[in-house]
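Below you'll find the structure, written out as structure tokens, and then a few comments.
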Amino acid sequence: MSVPSLQFYDHQPSVLSLREEVLHGLARCPKSIPPKFFYDEQGSRLFDRICEQPEYYPTRTEIALLKDNAEEIAELIGADCTLIELGSGSNQKVRMLLNIIKPAAYVPIDISRDYLLQQAQAVAADYPWLRVFAACADFCQTLQLPQAAGGARKIAFFPGSSIGNFEPAEALRLLRNIARLVQGDGGLLVGADLKKAPGILNAAYNDAQGITAAFNLNLLRRINRELDGDFAVDRFSHQAYYNEQRGRVEMHLASRMEQTVQVAGERFHFAPRETIHTENSYKYDVEEFKALVESAGFELARLWHDPQGRFGVFFFTHSG
């Protein structure tokens, strides 16, 4: 590796894992594919563009909260910790923390191998004093730190309201894994999207530039490329809407017509308007989210939210 302060650990899910989950999801009724498979290199770049769209308030709101409360966040986290970022993406937000807390080590974890490596190399170059242990992994599975990164107080950083992509039972399981990871005097700094008017949510997931639609449809292109699929992408359309009863935004890919698609040698029939459910994004009120995380073994220490109550950044300490 050209950057001496970076160590890279490659636990990327295999093509076999992708194949099994996609085939299983397409055989279900209704059809569904886990959102973690959005994030090949192109998907990761499209998501970065989503975050720049004027309708997509979560990113700029969370960045403002991190910036405006940086000193208090730094005091709660403390110096010389091991900072673990789940779903590290472009590293934009974590750089704000790196500038103020000076951790002993940084562990970005992401499923998009090539994008993770590029971003981790950039962080290691820009912060030459920092030990970087990048891990390409599916953090939905059991979390393990590289052994060399252990020792200091462990703080998990889970920004971007990504916790909302998990069904509540799955979110609880992930949070319990995080609690085991940071056990002792560790903590969790996490962003959560809060409940609000459906019109704001619907606009955020249906941006005028069509970037979210391109991100959703890119999943079919990935399947075509990696699993020998023959999806005609223009025969599917992006759908996203707030399901108020279930408290979540749902994203789907809807078939424009009756058609049959082949993936990895297996054939799947689509009726007109039949969908593949590709993502949920749960929205919480403050008490709901507090109860969820505390049931996993944490205790709320501090909450910051914008004046409109659109987004919250929470700091929890491990209570075990």
Could you derive backbone 3J(HN,Hα) for the range 245-256 from the dihedral phi with the Karplus parameters 6.51, -1.76 and 1.60 (θ = phi - 60°), listing whole Hz in sequence and x where the residue is Gly or Pro? 4, 9, x, 8, 7, 10, 10, 9, 10, 9, 6, 7
Taking 20 Å as the cut-off for C-alpha to C-alpha distance, list the pairs among Lys67/Lys283; Lys67/Lys102; Lys196/Lys283 that go past it. Lys67/Lys283
For every other residue with a beta carbon closer than 10 angstrom to the beta carbon of Glu226, add +1 if it is Lys or Arg and -1 if Asp or Glu, then tell me the sum. +2
Two-site FRET efficiency, Glu170 against Ala208, from Cβ-Cβ distance with R₀ of 35 Å, rounded to 0.05: 0.65
Binned at 20 Å from zero, the C-alpha pair distances of the chain give percents of 32, 58, 10
So if the hydrodynamic radius of the range 54-111 is defined as the Kirkwood radius over C-alpha pairs, what does Stokes-Einstein give as its diffusion coefficient at 25 °C and 0.890 mPa s, in µm² per second? 202 µm²/s
Cα-based Debye curve of the range 241-307 sampled at q = 0.16 Å⁻¹ gives log₁₀ I(q)/I(0) of -0.73
For Ala156, which sequence-distant residues (separation of 5 or more, or a different chain) have an amide H within less than 5 Å of its own amide H, given hydrogens modelled in the peptide plane? Ile84, Gly187, Leu188, Leu189
Would you calculate the separation in nanometres between label points at Asn243 and His305, each defined as 7 Å from the Cα along the Cα-to-beta-carbon direction? 2.4 nm
Can you compute the helix-only [θ] at 222 nm over the chain? Use -39500 (n - 2.57) per DSSP H run of at least 4 residues, normalise by all residues, nearest 500 deg cm²/dmol. -11000 deg cm²/dmol
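For each of Ile77, Ile100, count neighbouring Cβ atoms within 10 Å of the residue's Cβ, then give the residues from fewest to most.
In increasing order of surrounding Cβ atoms, one gets Ile100, Ile77.
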May I ask you to evaluate 6.51 cos²θ - 1.76 cosθ + 1.60, the Karplus curve with θ = phi - 60°, for each residue of the range 152-161 and list the ³J(HN,Hα) values in order in whole Hz, giving x for glycine and proline? 6, 4, 9, 10, 8, 10, 10, x, x, 6
Over the range 42-81, with a single point scatterer placed on each C-alpha, what log10 of the ratio I(q)/I(0) does the Debye formula yield at q = 0.27, 0.28 1/Å? -0.83, -0.86
Could you give each residue of the range 131-139 its phi-based ³J(HN,Hα) in whole Hz, using Karplus coefficients 6.51, -1.76, 1.60 with θ = phi - 60°, and x for Gly or Pro? 7, 10, 10, 7, 10, 7, 7, 8, 6
So between Lys67 and Asn99, what do we pick up on full extension, going 0.36 nm a residue minus the alpha carbon distance? 10.4 nm
Given R₀ = 25 Å, FRET efficiency for Asp114-Ser295 by Cβ-Cβ distance, to 0.05? 0.10
Cα-Cα pairs above 15 Å in the range 199-285: how many percent? 61 percent
Quick check: net charge around Arg173, other residues with Cβ under 12 Å of its Cβ, Lys/Arg +1 and Asp/Glu -1? 0
Using the Cα atoms of the range 175-320, I'd like the radius of gyration and the largest Cα-Cα distance, Dmax, both in angstrom. 19.5, 56
Using label points projected 7 Å from each Cα along Cα→Cβ, tell me how many nm separate Ser17 and Glu52, to one decimal. 3.0 nm
Computed FRET efficiency, Cβ-Cβ of Asp10 and Ala125, R0 22 Å: what is it to the nearest 0.05? 0.65
Over the range 14-114: Kirkwood hydrodynamic radius from C-alpha pairwise inverse distances, Å: 16.0 Å
Run the quick spin-label model on Val233 and Ala27: label points 7 Å from Cα toward the beta carbon, then report their separation in nm to one decimal. 2.8 nm
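All of the numbers you see were taken from the coordinates with simple rules; none came from a lab. Everything numeric in this text was worked out from a predicted model, so none of it was measured. Cβ coordinates were reconstructed from backbone atoms using ideal geometry, including for glycine residues, and neighbour counts include every protein chain displayed.
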